[in-house]
1. Would you mind ranking 461, 375 by Cβ crowding within 10 Å, fewest neighbours first?
2. Taking Rh as the Kirkwood radius computed over C-alpha pairs, what is the Stokes-Einstein D of segment 92-184 at 37 °C in a medium of viscosity 0.692 mPa s, expressed in µm² per second?
3. Which of the peptides 248-259, 147-158 is most tightly packed, and how do the rest follow, going by the mean number of other Cβ atoms within 10 Å of each residue?
4. Which peptide among 426-433, 112-119 comes first, and what is the full order, when sorted by highest mean count of other Cβ atoms within 10 Å?
5. Provide 466, 307 in ascending order of the number of other Cβ atoms located within 10 Å of each residue's Cβ, fewest first.
6. What order do you get for 354, 242, 416 when you list them from fewest to most C-beta neighbours inside 10 Å?
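Bear in mind these aren't lab numbers, they're just calculated from the coordinates by the rules spelled out. In this text the structure is predicted, and so the values were computed from the model without any measurement. Here the Cβ positions follow ideal geometry from the backbone for every residue, glycine too, while neighbour counts run over all protein chains shown.
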């Protein structure tokens, strides 16, 4: 095989093209066309090279046929020889006229055409004569299979010199034309890519800027919507709490008087029974009808139950009012435990057992914490998001998957560095590393469509990190639950102090 004349340029072009990404190549370099041309060229070169191999193999079959006296072995050699000759004839015809199964287009170039049908090679004539001579020896009788058989002498000479040299010349020409054609295609496509590179880079850069701007705009709009929703929810809760508070206060305030009045009446009834131990028939019937003894025993219990219920409603109203405080622009000193308890009170209905849901147990491990400075409304929003997500996770666990009690553990800790640590952990199914890596991205959610916006954790991250100079971290593995760890300074420094400190460091 002769040396490829364009080897250096060819390799350099492929090296450059190899650096390009697949999508860019597909867009600009018409890879389907290139692959088709390469496939056809490879088929042509392979088939033409196979002709050389077939000429030598058929000569070997013929030689072994002459040297073998075993009848069965002779028949096997005849079959092998004829099969190779059929393949050699089909390949030769395909190179000239085309063969779809062999992926041969036919119609060789003028140069190859002349090598096939014109002097000095006349390869077509040489191949056909060779095949005829080889078929003749395959059809020879056992007596004719002798070493000086003229057909054998012919094919041995041709396969070792004349024919093989002619085939080598054609193979080299095919290889040269294939390299030249593919090189021309690669150079053309590389030039086309080079021209479009600048425009593509500019378009990609502008697209990234536009995508970033659009994402920031969507995030800002969504945050405004979420902020407005929380504000409206706060106003609604505050209004409801106010409306409930007035009648509850009236009921709660009068329960003491009602209790005293009832006790006075019971005392009076006791004195009356002592003074008149034998009531009249009519009075005795009424006493039996109303079951006076049970009434005297149960009435104080009813009053106590009403007092407990009124206190509970009063506590709920106070929690609602605390939760809905509109203080987004004001830092207040608050008890973080009170915020947690208020949030749990709001979510109490989702924690109770109902239907097939056996309920969720809340485990509290509160440490002795100081009051902290924060935007309490925003911290309540973070608590609502994290605890709400934990409830969502546990609610989605079927009884087949979850054979253990569902729990949410909430613990707090004070650090001597001047921060508090809040941990909210569930014993759900956890999450993969891929999901955890995107957890705080805006609009990313694993919930079904309509169940989540993908903004809760993103907004929580901004509130904790940007608004309160704290940190939020997620620890989770598949099958081992999820834990969120929030760390917030006890004392909030003003934004101006932080900015001035950063500028002085810079």
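1. 461, 375
2. On the way: Rh = 14.9 Å.
Rounded to a whole number, D works out at 221 µm²/s.
3. Ranking, from highest mean packing down: 147-158, 248-259.
4. Working: 426-433: 18.5, 112-119: 14.8.
With the highest mean Cβ count within 10 Å placed first, the list reads 426-433, 112-119.
5. Final ranking by Cβ density, sparse to dense: 466, 307.
6. 416, 354, 242
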